[in-house]
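These notes are about the structure you will find just below.
What follows is calculated from the coordinates using simple rules that are stated; it is not laboratory data. Fair warning: this is a prediction, and the values are worked out from it, not measured in the lab. With ideal geometry, Cβ positions are generated from the backbone for all residues, glycine too; neighbour counts draw on all protein chains shown.
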Amino acid sequence: MATILRDWSYRYQWLYDAIAQMATLAVGGESRFRELPLEGLKIERHTKVLDLCCGSGQSTQYLVKYTQDAIGLDASPAAVARALENVPEASFVEGFAEEMPFQDNVFDLVHTSAALHEMSPQQLRQILQEVYRVLKPGGIFTLVDFHRPTNPLLWPGLALFLWLFETETSWQLLATDLEALLAEVGFTVTPAVLHAGGSIQVLQGRK
């Protein structure tokens with residue numbers, strides 16, 4: 001599953017950006033997509049925010065509009081280096097989401113955008129447990145990612161996109177009840193908000 005286009009997209013930033021813009025047209029463009037998981041949240045200048053699996057800072061650049069205390073975490077040294085160049089207002093750390101290099105109860109908000117579909121079911125559970133650990137009591141976890149379309153007309157386009165650019169883990173996420181999994185970890189979960197014919201979900205959980 002996935003084609004050489006996936007490898008190219010991670011090798012060439014311009015291609016990754018073009019794919020991201022194309023993929024987010026269904027919700028009104030990339031800017032709108034990046035803002036979706038932040039809607040309804042109270043983020044102040046000193047809110048301590050973690051952008052989990054931040055890549056080269058595509059979402060971090062939106063978070064720094066709200067807070068002066070944003071940290072990005074990614075396992076890729078190349079991505080972290082690009083993020084430091086792209087978003088100098090934030091701090092960035094290299095590390096695995098399954099084993100974050102942070103103490104317990106550190107962050108007011110943990111955010112992740114279009115990253116959980118890259119994880120195996122075992123990794124996903126470990127990551128959610130880590131998110132719960134690093135959040136302060138009362139802290140919020142917010143995410144946006146793929147969802148099984150509720151509109152059958154969206155299935156062909158989503159399936160083609162996943163075949164071209166993603167791996168089997170994205171299909172596994174479509175079969176996963178993230179709300180239930182978050183609740184199992186201990187979060188109080190707000191019902192998912194669906195966009196683009198149900199193919200995109202936004203979820204928020206409170207510790």
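For this structure, a couple of remarks:
- Evaluated with a Cβ-only charge set (Lys, Arg +1; Asp, Glu -1), the chain carries a dipole of roughly 360 debye about its Cα centre, given to the nearest 20.
- Structural descriptor for the chain: relative contact order 21 percent, calculated from alpha carbon pairs under 8 angstrom and at least 6 residues apart.
- The range 38-142: trypsin sites (Lys or Arg not before Pro) falling in loop per DSSP and having at most 15 other Cβ within 10 Å: Lys42, Arg45, Lys65
- Enclosed volume per residue, in Å³, of the convex hull spanned by Cα atoms of the range 131-193: 103
- Kirkwood-Stokes translational diffusion coefficient of the chain, alpha-carbon pairs, 10 °C, 1.306 mPa s, µm²/s: 93
- Across every pair of non-identical alpha carbons in the range 41-125, the mean reciprocal distance, once inverted, gives a Kirkwood radius of 12.9 Å.
- Cα gyration tensor category, rounded, prolate or oblate, for the range 74-173 with a/c compared to 1.5: prolate
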